[in-house]
Amino acid sequence: MAEIIRVFNEIHAVIAGRTAHRLAQQIGFPLGECTAIHIATLEVTRNILEYAGHGQVLFEQVERQDVLGIQLGIEIQAIDNGPGIPDLEAVLQDGFSTGKGLGKGLPGAKRLMDDFEITSDMDKGTSITMRKWKL
Ligand SMILES: Nc1ncnc2c1ncn2[C@@H]1O[C@H](COP(=O)(O)OP(=O)(O)O)[C@@H](O)[C@H]1O
Ligand SMILES: [Mg+2]
């Protein structure tokens, strides 16, 4: 199970959010967590449109071994070749925005997910990888 959505206009953010929700449901997440994953995906996809113009979002079911056995999760990766993020700490602060937004997208997405990693390069763009694990 892996999917990819190319993102270059507003409708793709809606589709990415709904795709995340549908895959989370397939993996067996409860409804509230499907909604959390949906919102986090919508935020990082809207950022691609707003700050990089275009990019892509990858969805994948992932697994890890824990003491009780195999744990399933969902991984969502939002990738662009935009301007990059100069200060990764700043953008994770509540209320920081260089645009017209509320500056709550990235800190909100981070809180909604279990794992949240940003890598960014001024020449190459930004990649955000987030994961949520099913209990
Ligand atoms: N994909 C991206 N490429 C470049 N900068 C980004 C990207 N995503 C987020 N940012 C930067 O991080 C800031 C915070 O993002 P976010 O928390 O979503 O708040 P908002 O979108 O409301 O500004 C943005 O204002 C922007 O400066
Ligand atoms: Mg945003």
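The values are calculated or read from the model by the stated rules, or taken from the named source; none is laboratory data. Computed from a predicted model, the values in this text were never measured in an experiment. Virtual Cβ from ideal backbone geometry, glycine too; neighbours counted across all protein chains shown.
Let's see how each residue does on (1) farther than 15 Å from Arg46 by Cβ; (2) modelled with pLDDT of 95 or more; (3) of a type outside the set (Phe, Trp, Tyr); (4) within 14 Å of ligand 2 (Cβ to nearest atom):
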{"position": "Pro83", "(1), (2), (3), (4)": "yes, yes, yes, no"}
{"position": "Gly95", "(1), (2), (3), (4)": "yes, yes, yes, yes"}
{"position": "Lys100", "(1), (2), (3), (4)": "no, no, yes, yes"}
{"position": "Gly108", "(1), (2), (3), (4)": "no, yes, yes, yes"}
{"position": "Gly125", "(1), (2), (3), (4)": "yes, yes, yes, no"}
{"position": "Thr129", "(1), (2), (3), (4)": "yes, yes, yes, no"}
{"position": "Lys132", "(1), (2), (3), (4)": "yes, yes, yes, no"}
{"position": "Leu135", "(1), (2), (3), (4)": "yes, no, yes, no"}
Yes or no: the stretch 72-93 includes at least one residue that is more than 10 Å from the chain's Cα centre (by Cα), within 17 Å of Gly17 (Cβ to Cβ) and more than 9 Å from ligand 1 (Cβ to nearest atom). yes
How do the pairs read when you match residues in the stretch 91-110 that are more than 19 Å from Ala36 (Cα to Cα) with residues anywhere that are within 10 Å of ligand 2 (Cβ to nearest atom) and among the acidic types (Asp, Glu), using Cβ under 8 Å and keeping only pairs 6 or more apart or on different chains? Gly99/Glu50; Gly101/Glu50
For Tyr51, all conditions in the list (1) within 29 Å of Pro86 (Cβ to Cβ); (2) away from ligand 1 (no atom under 12 Å from the Cβ); (3) hydroxyl-bearing (Ser, Thr, Tyr) hold save one; what is the number of the exception? (2)
Identify all residues within the stretch 3-58 that are over 14 Å from the mean Cα position of the chain (by Cα), of a type in the set (A, V, I, L, M, F, W, C) and part of a helix (DSSP H, G or I); write none if there are none. Ile11, Ile27, Leu31, Ala52
Restricting to the stretch 59-71, what's the tally of residues that are part of a strand (DSSP E or B) and more than 16 Å from Glu3 (Cβ to Cβ)? 7
The condition of being more than 14 Å from ligand 1 (Cβ to nearest atom) and touching a helix residue (DSSP H, G or I) at 6+ places or on another chain (Cβ under 8 Å) holds, among Glu3, Glu43, only for Glu3
